[in-house]
Structure formats: structure tokens, C-alpha cells
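To keep things clear, I will list the structure first and then write my remarks on it.
The values are calculated or read from the model by the stated rules, or taken from the named source; none is laboratory data. These numbers were taken from a predicted model, which means no experiment stands behind them. Glycine gets a Cβ as well: all are built from the backbone with ideal geometry, and neighbour counts include every protein chain shown. Note: accessible area is taken over every heavy atom of the protein model, side chains too, but ligands, DNA and RNA are not part of it. Shrake-Rupley method; radii C 1.70, N 1.55, O 1.52, S 1.80 Å.
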Amino acid sequence: MSLDPFPIPDDSGNGRDRPDAAPIDEAEMAKRRRDMVRVQLLGRDIDSVRVLDAMRVVPRHLFVPRDQVSEAYEDRPLAIGMGQTISQPYIVGLMTQRLRPELTDTVLEIGTGCGYQAAVLAALVREVHTVEIHKRLAESAARRLKALGYNNVHVHAGDGWKGWPSDAPYDGIIVTAAPDHVPEALKEQLKVGARLVIPVGNQYQKLMVVTRTEKGFVEESLIDVRFVPMTGGEDEGA
Ligand code: SAH
């Protein structure tokens, strides 16, 4: 996979590809990325070698608006425009690790945002489908992912409450916006044995792992998290 970062289409209004934009020090970014993995991920409870390797490679600083490049590897979420955020690196690592991605998997993400989580998944599985409700964000993420060479990510504009039925069932589903309950469609689109990693709640949420078994669904609650709300239509009849 090519990770040559230029030219990067950028809809942030700051024009990363604008000739007068300050150059990015790629060596410094690579160093910060290694430090991020060592301190924020390994230093906590992220121990999946595959997830650590993926997050050591994906250039997070190319997914944030141009004026936030210098903050891209900090231990917190960042604003990406349109009131949306890119999750804290640790939360991306934790959710990805709990998904237990395998090379042959097809996974679904709800809430593409800038596409960073989708890129991390793309480095780990065969195919990623990701659904974003804001058409402009979907288009900009699709362009960015293509420019960075992530050819196994399919960005769809749509409402994640419905999942993405045409490519279901999935080996795993990750949701990066918070609904107040687990959408039925997402449970239905899991293979038996597959996991749904999802923040559930209102202002604050619990990060949940829902596993589909032969007999039904098993739910596990992890930590408290804070995500932007999942908008769009709710479950029919809910
Ligand atoms: N995973 C993203 C961060 C997502 S922020 C990243 O790595 O950058 C949450 C995103 O979920 C926002 O872009 C928001 O527009 C989107 N979203 C909210 N409700 C949604 C819905 N019903 N369907 C699809 N996307 C939704």
C-alpha cells in the first residue's frame, strides 16, 4: 500500500495542498506516532501486535485539518469540522482491539468522519465498508482515503441506523457515534461469532461489545466514553 502523502485533498478550508501551506515535517510526525503507540497504547492495555503495528503506520496527521497537524498525536480527540471529532488514539486502539480483526474479515464502520478509524481497519482486514450521514464528510473522507492508497475501503453516504445491508453479514462492526440504544439492524448484520463495538448512551456512554452467538447476543460493558451523538432515524418501532 502506498502511503505517499502528497497531494492530499483537504476540505477543511485550510488547503493542505495549497502552495503556501507550511510543509509537514514527516520525520517528526513518524517519531510522534511511535511515541503515541508506546505511551498511549502500549503504556495502557493495548497489546494486540497487529493493532499496534497498524497504528504505527497510519498517518493520523493527514486526517486532521491543516491547522491541527501539530496536535494530531496528542492524547485526546480533535475537532474535524462540522461539529464532529476524530477519536482519541487510545479509544481507536481499544475499539479496534476489541473487534479482533482478522486478515480475511469484511467489517463495517458507522460514522466515517475523517476516515482515520477506517484507515486503521483497512490496514488490518480485507475489506472495510464505512457509512457517514453527512454527504460532504463522506465525499471528503473517500477522496482522502483514495489519495492515501486505501483501496479496500468503501465509503457510503447514508444513515448508519440501517447498517449497510448489501454487503452484510459482517465479521465485525464498529460504531463511532453514540446511539441511545443498540440499533437492531446492526445486530442483524453480524455473522455468528462476530462482534459489534459501540458506545451506548446519551451525553456520556458505555463502550459495549455485543457478540452474536448461536443462541443470541452476549453484551459486555467496557469503559465510560464520550462520542458525538448518532443522528438520523432510529429503529423502526423502537
Ligand atoms: N470514526 C471517525 C470519527 C467519527 S465522529 C474518525 O475516525 O474520524 C462520528 C461521525 O459519525 C461523524 O462524522 C457523524 O457525522 C457520523 N454520524 C452520526 N450519526 C450517524 C448516522 N446515523 N449514520 C452514519 N454516520 C453518522
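Numerical summary
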quantity: Condition check for Gln68: in contact with a His (Cβ under 9 Å, 6 or more places away or on another chain), open to solvent by 20 Å² or more (accessible area, probe 1.4 Å) and either under 30 Å from Leu190 (Cα atoms) or at pLDDT below 95 (or both); calculated: yes
quantity: Count of residues meeting criterion [loosely packed, with under 15 Cβ neighbours inside 10 Å and at pLDDT below 95] in region 49-65; calculated: 0
quantity: Residue, nearest to Gly233 (Cα to Cα), within region 186-201, restricted to residues that are open to solvent by less than 20 Å² (accessible area, probe 1.4 Å) and in contact with a helix residue (DSSP H, G or I) (Cβ under 7 Å, 6 or more places away or on another chain); calculated: Gln189
quantity: Residues satisfying the stated conditions in region 192-204, i.e. closer than 22 Å to Ile91 by Cα and either hydrophobic (A, V, I, L, M, F, W, C) or within 16 Å of the ligand (Cβ to nearest atom) (or both); calculated: Ala194, Leu196, Val197, Ile198, Pro199, Val200, Gly201, Asn202, Gln203, Tyr204
quantity: Test: residue in region 214-225 that is within 14 Å of the ligand (Cβ to nearest atom), exposed (fewer than 13 other Cβ atoms within 10 Å of the Cβ), over 27 Å from Val57 (Cα atoms) and of a type outside the set (S, T, N, Q); calculated: no
quantity: Scope region 82-130; condition of a type in the set (S, T, N, Q), surrounded by fewer than 24 Cβ atoms within 10 Å (Cβ to Cβ) and more than 9 Å from the ligand (Cβ to nearest atom); matching residues; calculated: Gln88, Gln97, Thr104, Thr106
quantity: Exclusive hit being in a loop (DSSP other than H, G, I, E, B) and either open to solvent by 20 Å² or more (accessible area, probe 1.4 Å) or not acidic (Asp, Glu) (or both), set Ala79, Ala22, Ala27; calculated: Ala22
quantity: Test result for Arg136, buried (at least 23 other Cβ atoms within 10 Å of the Cβ), under 18 Å from Gly81 (Cα atoms), among the charged types (D, E, K, R) and more than 8 Å from the ligand (Cβ to nearest atom); calculated: no
quantity: Flag for Ala142 being in contact (Cβ under 8 Å) with a residue 12 or more places away in the chain, away from the ligand (no atom under 12 Å from the Cβ) and crowded, with 22+ Cβ neighbours inside 10 Å; calculated: yes
quantity: Test: Leu207 is away from the ligand (no atom under 12 Å from the Cβ), touching a Pro at 6+ places or on another chain (Cβ under 9 Å) and not acidic (Asp, Glu); calculated: yes
